[in-house]
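A.B. asks: One structure, pasted below without further comment.
The values are calculated or read from the model by the stated rules, or taken from the named source; none is laboratory data. Bear in mind that the values here come from a model prediction, so they are computed numbers and not experimental data. Counting neighbours? That spans all protein chains shown, and the Cβs are built from the backbone with ideal geometry, glycine included.
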């Protein structure tokens, strides 16, 4: 797996090219889709940008604005190396 819950990740592959490069927050495993598709699927939250995706309830293509979506682990690359939130230890003085 590429990601884990709590990661920020870049969407690197997607059926809709306008979504590539978007930053998402990885929330949790989408257990139902993972079982149904046989591939690890994450629930993700958009961060600052609308994303085009298929609505799983209606099957229609629409824009999601900050909502929770699903993404395959293989479509995501975690962003690492910079601590955030409670992981920040000390401030850098100039």
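A.B. asks: From the list 52, 62, 13, which one is surrounded by fewer than 18 Cβ atoms within 10 Å (Cβ to Cβ), touching a helix residue (DSSP H, G or I) at 6+ places or on another chain (Cβ under 8 Å) and without any contact (Cβ under 8 Å) to a residue 40 or more places away in the chain?
C.D. replies: Exactly one residue qualifies, and that residue is 52.
A.B. asks: Now for a separate question. What do you reckon, is residue 26 surrounded by 14 or more Cβ atoms within 10 Å (Cβ to Cβ) and either under 18 Å from residue 4 (Cα atoms) or free of Cβ contacts under 8 Å to residues at least 40 places away in the same chain (or both)?
C.D. replies: Here the answer is yes, as residue 26 does meet what is asked.
A.B. asks: Here is a follow-up. In the range 48-64, how many are over 13 Å from the mean Cα position of the chain (by Cα), in a loop (DSSP other than H, G, I, E, B) and over 16 Å from residue 30 (Cα atoms)?
C.D. replies: 3
A.B. asks: Among the residues of the range 36-48, how many are in contact with a helix residue (DSSP H, G or I) (Cβ under 9 Å, 6 or more places away or on another chain), surrounded by 15 or more Cβ atoms within 10 Å (Cβ to Cβ) and modelled with pLDDT under 90?
C.D. replies: Number of matching residues: 0.
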